[in-house]
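Here the structure is laid out as structure tokens; the discussion comes afterwards.
Taken together, the values in this text are just the output of simple stated rules run on the coordinates, not laboratory data. Remember, predicted model here, so these are calculated numbers, not experimental data. Note that we place each Cβ from the backbone using ideal geometry, even for glycine, and neighbour counts take in every protein chain shown.
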Amino acid sequence: MTQRTRAALAGAAAATAWGLLEPLDRRLFRRDYSDIALLGKAVTRGRGWRPIGFAVHAANGAAFGIVFDALRVRTGAPKRPLALALALGEHVTLYPLAYFVDRYHPARGEPGVPPLLRSPRAFAQASARHALFGYLLGRWA
């Protein structure tokens with residue numbers, strides 16, 4: 001198995017672990033926000049939104065793992081700190097796009113897709129999720 005393939009699989013596995021732990025962090029942060037719901041309900045509003053959400057999330061994680069591996073090779077940076085920094089950097093950089101979720105997501109206001117942009121809890125929740133993802137990617141890649 002190539003290092004790139006390993007990084008892609010690690011990214012997919014880390015994203016899946018994130019999704020499986022969402023029920024716990026939703027209770028901890030007292031915020032009904034789910035990336036799995038956000039992605040799945042963007043594709044379908046039917047019963048299949050959950051497996052579709054997991055599939056899209058895993059695919060995003062795999063793509064992130066490939067980019068992570070390319071940057072690791074180019075920079076020679078240690079895996080674990082790089083994975084964590086990239087995951088948190090991606091979160092902080094892209095979180096303002098929550099504006100579009102709040103305004104245009106077809107399932108906004110439904111369970112798992114609350115308003116996000118002006119919610120400190122949702123930002124903290126997403127920060128914890130990205131930190132977990134980065135940690136797992138760095139360990140498993």
- Relative compactness, segment 3-140, computed as alpha-carbon Rg over 2.2 N^0.38 Å: 1.03
- Relative to the Cα centre, what is the charge dipole magnitude of the chain, using +1 at the beta carbon of each Lys and Arg, -1 at the beta carbon of each Asp and Glu, and rounding to the nearest 20 debye? 120
- Message: If I model a spin label as a point 7 Å beyond the Cα along the Cα-Cβ vector, how far apart are those points for residue 21 and residue 139 in nm?
- Response: 0.8
- Item | Residue-averaged [θ]222 nm for the chain, counting only DSSP H segments that reach four residues, each worth -39500 (n - 2.57) | -25500 deg cm²/dmol
- Task: Among 20, 42, 3, pick out the residue whose Cα is farthest towards the positive end of the charge dipole of the chain, where Lys and Arg carry +1 and Asp and Glu carry -1 on C-beta, about the Cα centre.
- Result: 20
- So what J values fall out for segment 46-62 if you push phi through Karplus, 6.51 cos²θ - 1.76 cosθ + 1.60 with θ = phi - 60°, rounded to Hz, Gly and Pro as x? x, 5, x, 4, 5, x, 5, x, 5, 5, 5, 5, 5, 5, 4, x, 5
